[in-house]
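Here's the structure, in structure tokens; my notes come after.
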Amino acid sequence: MRVWVDDQRCRGHGVCVTLCPQVFSLTDDGYAVTTDTDVPAELEAAVGEAIDSCPEQAISKT
Ligand code: SF4
């Protein structure tokens with residue numbers, strides 16, 4: 001799984017960081033970025049939960 005955050009949609013709620021801090025982090029500006037776009041298999045469930053929980057639908061995957 002590959003994952004990324006659309007910086008035009010992200011509003012910095014931080015839900016993704018709370019659910020999966022191994023993959024998502026907040027920049028100094030308060031918006032989310034992925035620290036690693038290639039998600040290890042053991043984190044796919046947590047990333048999927050972050051995708052479903054993002055209030056702005058800002059997280060995408062392939
Ligand atoms: S949950 Fe969505 S809107 Fe909130 S910081 Fe993460 S990507 Fe951005």
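The values are calculated or read from the model by the stated rules, or taken from the named source; none is laboratory data. Keep in mind that what you see is a predicted model, and the values were worked out from it rather than measured. FYI the Cβ positions are ideal-geometry reconstructions off the backbone, even for glycines, and counts take in every protein chain you see. What goes into the accessible areas is simple: the full protein's heavy atoms, side chains included, and nothing from ligands, DNA or RNA. Shrake-Rupley method; radii C 1.70, N 1.55, O 1.52, S 1.80 Å.
Report summary: the helix-based calculation at 222 nm, which adds -39500 (n - 2.57) for every DSSP H run with n ≥ 4 and divides by the residues of the chain, gives -6500 deg cm²/dmol. Counting only alpha carbon atoms, the long axis of helix 44-53 and the longest principal axis of the chain meet at about 30°.
If the chain linking THR62 and ASP6 were pulled fully straight, counting 0.36 nm for each residue of separation and taking away their Cα-Cα distance, it would gain 18.8 nm.
Based on alpha-carbon positions alone, could you give the equivalent ellipsoid semi-axes of the stretch 1-59 from the gyration tensor, as √(5λ), descending, whole Å? Write out the running numbers ahead of the final one.
On the way: eigenvalues 55, 26, 19 Å².
Over the Cα atoms of the stretch 1-59, the semi-axes work out to 17, 11, 10 Å.
When a 1.4 Å probe is rolled over the protein heavy atoms, the share of accessible surface on the chain that falls to carbon and sulfur comes to 45 percent.
Mind ranking 26-39, 2-15 by how tightly packed they are, going by the mean number of other C-beta atoms within 10 angstrom, highest first?
Ranked from most to least packed, the peptides come out as 2-15, 26-39.
With every protein chain left in place, what is the accessible area per residue of the chain in square angstrom, probe 1.4 Å?
Here the residues of the chain average 62 Å² of exposed surface.
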